[in-house]
């Protein structure tokens with residue numbers, strides 16, 4: 001028996017038929033009464049449990065614990081979804097059901113955009129990763145830049161930039177909006193640098209875009225409203241200042257140092273109203289500060305800032321990977337093997353769950369090092385790579401070192417190229433498990449490591 005909260009419908013036998021006398025969606029889904037708010041799920045591209053939750057909350061109703069899961073099962077039993085023969089949870093409404101639901105919404109409120117905005121507002125109040133792309137798509141249609149900035153601060157860019165419409169919305173955010181909402185500057189920089197064909201991120205393009213926005217839009221970062229906006233805009237201005245030619249030759253002429261100190265005061269000062277600076281902007285601040293310190297060959301400060309950024313970065317957050325890169329480079333330059341191991345462990349943890357963002361910057365880690373470690377990936381599955389090594393590849397090009405991949409499991413062995421980089425052979429392995437051969441299509445990427 002459905003929960004009583006799910007039975008909020010019109011009186012029995014009373015259905016609001018569309019003006020063209022087509023059957024209502026209640027008639028198409030016979031067998032039980034349905035909540036009055038259920039028609040709102042037709043506004044979404046897919047209708048899963050999270051969409052049911054948004055539909056209910058946007059109509060000031062609720063799905064009680066377990067209620068939306070039960071309702072989803074009832075919709076499936078009533079034949080509301082397209083049968084695709086897959087084992088996955090059904091989510092695509094039948095076209096006739098969707099059309100009837102939209103007609104029902106128009107009969108009560110011709111402005112479907114208002115219903116969509118109510119669902120977007122309900123989604124912004126919750127954290128639902130499964131709906132990140134859907135919410136961003138609605139915000140893009142409405143040109144709701146506040147919502148797009150909020151979503152950028154809430155979800156991993158690996159989720160948002162996977163969708164072409166959302167990616168275009170961030171990349172095309174107008175300058176006047178980026179000036180007011182500095183989070184959009186980060187979104188625009190990453191979106192313009194991301195290549196959906198290769199699945200890679202061009203760091204040169206990204207940093208250039210951030211520096212341009214810092215110089216053109218965020219030099220007056222102190223006037224931004226809210227601690228988050230101040231830190232976001234000030235970080236971009238600090239990065240821009242660090243690239244002024246005079247600052248490269250003499251740190252005393254560098255305004256970036258003064259901006260860094262001023263931003264620390266904003267971060268440390270308890271806010272009189274509202275929340276403190278969010279972790280995402282803090283991680284961007286510290287990762288950018290580590291990059292600036294690295295450019296000055298201040299290895300100790302670069303390591304400290306990078307470690308803070310990695311600690312504060314959200315799961316699969318880009319700032320964490322940028323900090324890990326700076327930590328690896330500064331540690332390699334200064335000979336600090338302990339700090340380099342921290343960077344390795346950070347990358348290995350994300351490799352275990354095949355993180356999309358880690359794959360974006362994978363080529364950057366193809367660096368020439370003193371004693372490279374091997375990170376394996378598989379052709380056709382660029383995000384799968386080794387999380388650890390069973391044995392270190394010895395100097396001299398011996399093939400006794402072998403990668404231990406997570407999934408899928410290629411048998412990857414490494415050999416040394418003329419250019420000092422470790423690569424796997426492309427031969428088929430005649431005997432599974434042999435360390436002298438490699439499964440076809442596997443390759444090894446170079447990452448500098450510690451000396452044995």
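What follows is calculated from the coordinates using simple rules that are stated; it is not laboratory data. All values reported here derive from a predicted model rather than from experimental measurement. All Cβ positions, glycine included, derive from the backbone under ideal geometry; neighbour counts span all protein chains shown.
Neighbour counting of Cβ atoms within 10 Å sorts the residues 350, 218, fewest neighbours leading, into 350, 218. Placing a pseudo-label 7 Å from each Cα along the Cα-to-Cβ vector at residue 208 and residue 338 gives an inter-label distance of 4.1 nm.
With each label modelled as a point 7 angstrom along the Cα→C-beta vector, the residue 92-residue 279 pair spans 3.7 nm.
Full extension of the segment from residue 269 to residue 192, taken as 0.36 nm per residue of separation minus the current Cα-Cα distance, would add 24.3 nm. Taken along the Cα-to-beta-carbon direction at a fixed 7 Å, the label points for residue 130 and residue 295 span 4.4 nm. Counting 0.36 nm for each residue step from residue 62 to residue 243 and taking away their Cα separation leaves a gain of 59.9 nm. For region 129-236, the Cα-based Rg and Dmax, in that order, read 13.1, 39 Å.
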